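Take a look at the structure below.
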Amino acid sequence: MGTYQRIHPRVPEGIAGRKAYLVGGGIGSLSAAAFLIRDGHMPGRNIHILEESLVYGGSMDGAGNAKDGYSARGGREIEEHFECFMELFGFIPSLSDPDRTVLDEFRELNLQEPIESHCRLVEKAGQKADFSSLGLSPFHSLQLGKLSLLTEEALGAATIEQFFDPTFLETNFWYYWRSMFAFENWHSVVEVKRYMERFMHLISGMNQLKGILHTEYNQYDSLILPLIKWLEAQGVHFDKGHQVVDVDFDFADGRKTATRLHLLANGKPLTLDVSPDDLVMVTNGSMTENSSRGDLNHPAVLNRSTTERGCWSLWERLAAKSPDFGRPDVFCGDIDKTNWLSFTITFTDDEIVFPYLLEFTGDEPGMGGVVTVKDSNWLLSWTAPKQPHFLNQPDNVKVLWAYGLFPDAEGNFIKKKMADCSGRELLEELCYHMGLKDRIPEILARTTNVIPCMMPYITSQFMPRVKGDRPEVIPPGSTNFAFLGQFAEVPDDCVFTVEYSVRTAMTAVYRLLNLEKEVIPVYPSRYDIRVLLTAVRTCLGNKPLPLDKTLGQLLSGTEIGRLLR
């Protein structure tokens, strides 16, 4: 969409008397509120964001202090062509300078301090591994080509390990890919296809994380907090402690009209009547629902509850009312396949870890991105973010973040399952893989806390699925109701990104209000021949493209025939 389409919509008739109830306090609802105000001309005082907890921001969290330690469950990857994300933060004022926007400062930071990893992979307890290429053979490249050619309908609920040859899952490409996006081998190959096509322009720099953007602080302080402050200034109601447990509908004449919300307001039952002109937008499902935390001396215990799980329980009740509302059990029905563990380490007066990592990796904090341990039984990755990582973080405090994809595996150094480890044991295992085993006692003496976080549903959005498992943002026949977030269907875009949630919000607002403004399309890099040729060349090890040989293979049907059988 060019500038021609970026118009200021007319004021919808009667908008001053309409209300909006946004269920869930994550980035989906927050961005929907912003678009309702800017593009929909709805007064902020008419908007209610109903959140079960006392904290807004959803999965984009970050909190703590120097005494007790800091914690962030994780951060989402961001890149230049997150068009809806950039549109949103292009009108949210910066907290440090109200004459500038969040986008202004975000862009400036990444121009001055771009991410370019000089140590993407490590192995053998503190040795750099070769990360100079993707490590793909011509056969692996053809498999990726086949994936691009097949439709999502043809792939169905196929998993990654069902589609790819086992040798593909041992390549550097797959180490880069799964550590950046948290893919497990049993996840949906359709989501790999979407990622590959959506981010094809990043493949040539994947081994050094070129093109990945970072924020000044954690994503709560850098993105969520200024958005909340702007919405508060517009008069938006932040209804904390308000858990929506059900929604009533009028299904007459094939329509779906939300008529009433059932809530627990600080534990007390409450109902809110919804008029046909009002709007209801529900965040269905959450990656970080039922997260649990530990500390230096205690593990984070996996919450296996199937009855008390917030927005998942709400979605299950909604799905029982209409097949158009999706199938939540596809995503939340097997937490042994959707959980993993992250941990945040807080150091005070550190003179060992950060100086060592700077010398070892060659990357300043914040400019190296994620480092993955190839031979870790837990498949550990760590990142040393730009410091300070929190607004209230003193100069003598440093924060490191890490995660492991295999929480049920026994460690290489700590002979326990990752899920059973205390923060102290997680740090010891990480130090071993960094090459700091002999300095563990000194490091622990400078460690304020290590806060593990177990997330039962953190990769639930990647579970194998088919059409209809995720409901459409605006279900068929809906007159005033929409779904937001990672579990609403957005063609061509990728879950596990901030952009996806913001796109659902823009879609819901523009279509429910019938605005003449178009939703910004997904960036079409896969249709750019320059991007395609660069990606193919990178997959082939940056060798000259053997166009005649490749064409011959296609025509003879030898290798391509093997793939397509």
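When the alpha carbon gyration tensor of the stretch 413-456 is reduced to an equivalent ellipsoid, its three semi-axes come out at 19, 13, 8 angstrom, largest first.
With R₀ set to 41 Å, the beta-carbon distance separating Asp324 from Thr167 gives a calculated FRET efficiency near 0.50. Per the Debye formula on identical point scatterers at the alpha carbon atoms of the stretch 263-305, with no solvent, log10 I(q)/I(0) at q = 0.31, 0.33 Å⁻¹ is -1.07, -1.09.
Once the C-beta distance of Thr259 and Gln5 is scaled by a Förster radius of 25 Å, the resulting FRET efficiency is 0.15 to the nearest 0.05. Taking all protein chains into account, the per residue accessible area for the chain stands at 40 Å² (1.4 Å probe). Among 395-407, 478-490, 63-75, the peptide with the highest mean count of other Cβ atoms within 10 Å heads the list, and the full ranking is 478-490, 395-407, 63-75.
Dividing the helix sum by the residues of the chain, where each DSSP H run of 4 or more adds -39500 (n - 2.57), gives a mean residue ellipticity at 222 nm of -8000 deg cm²/dmol.
The alpha carbon convex hull volume per residue for the stretch 385-479 rounds to 173 Å³.
Taking only protein heavy atoms and a 1.4 Å probe, the accessible area of the chain is 51% carbon and sulfur.
By per-residue mean of other Cβ atoms within 10 Å, what is the highest-first order of 359-370, 77-88?
The most tightly packed comes first, giving 77-88, 359-370.
Taking the DSSP beta bridges with both ends in the chain, the antiparallel portion is around 70 percent. Simple spin-label estimate for Glu232 and Phe139 gives 5.9 nm between the two label positions (7 Å along the Cα-to-Cβ direction from each Cα). For Phe249, the residues whose modelled amide H falls within less than 5 Å of its own, excluding neighbours fewer than 5 places apart on the same chain, are Thr259.
Taking 0.36 nm per residue of separation and subtracting the Cα-Cα distance, full extension of the segment from Asp395 to Asn297 would add 32.7 nm.
The calculated FRET efficiency for Asn412 paired with Ser132, based on their beta-carbon distance and R0 = 25 Å, is about 0.50. Modelled spin labels at Ala157 and Arg530, positioned 7 Å past Cα toward Cβ, are 4.3 nm from each other. Given 5 Å bins starting at zero, what is the percent of C-alpha pairs of the stretch 183-331 in each, up to the one with the largest pair distance? The distribution over the stretch 183-331 is 2, 6, 9, 12, 15, 16, 15, 13, 7, 3, 1, 0, given as percents. Dipole magnitude for the chain: computed about the Cα centre from +1 point charges on Lys and Arg Cβ and -1 point charges on Asp and Glu Cβ, it is near 780 debye. Note on the stretch 325-460: Kirkwood radius taken over Cα pairs, Stokes-Einstein applied at 4 °C and 1.567 mPa s, translational D equal to 82 µm² s⁻¹.
Scanning residues 5 or more positions from Ile458 or on other chains, those with amide H under 5 Å from its amide H are Trp340, with H placed 1.01 Å from N in the peptide plane. Packing order of peptides 531-541, 310-320, highest average first: 310-320, 531-541 (average count of other Cβ atoms within 10 Å over each peptide's residues). The P(r) of the stretch 189-266 has a tail past 15 Å containing 78 percent of all C-alpha pairs. Our Cα-only numbers for the stretch 14-114 put the radius of gyration and Dmax at 16.0, 52 Å. Residue pairs exceeding 31 angstrom between C-alpha atoms, taken from Lys210/Lys416; Lys240/Lys467; Lys193/Lys256; Lys19/Lys337; Lys124/Lys398: Lys210/Lys416; Lys240/Lys467; Lys193/Lys256; Lys19/Lys337.
What's log10 of I(q)/I(0) for the chain at q = 0.06, 0.07, 0.12 Å⁻¹, Debye sum over Cα points only, no solvent? Taken in order of the listed q values, log10 I(q)/I(0) reads -0.30, -0.41, -1.24.
Across all directions, the average projected area of the convex hull around the alpha carbons of the stretch 110-180 is 7.1 nm². When the Cα positions of Pro491, Pro464, Ser525 are compared along the charge dipole of the stretch 456-528, Pro464 comes out farthest toward the positive end, with charges on each C-beta of Lys, Arg, Asp and Glu. Remark: relative contact order (the chain) = 24 percent; criterion is Cα-Cα distance under 8 angstrom and separation of 6 or more residues. Give me D for the stretch 253-381 in µm² s⁻¹, whole number, from Stokes-Einstein with Rh from the Kirkwood sum over alpha-carbon pairs, 10 °C and 1.306 mPa s. D = 81 µm²/s.
The values are calculated or read from the model by the stated rules, or taken from the named source; none is laboratory data. Keep in mind it's a predicted model, so treat the numbers as computed, not measured. Note: ideal-geometry Cβ built from the backbone for every residue, glycine included; neighbour counts use all protein chains shown. Heavy atoms of the whole protein, side chains included, go into the accessibility calculation; ligands, DNA and RNA do not. Shrake-Rupley method; radii C 1.70, N 1.55, O 1.52, S 1.80 Å.
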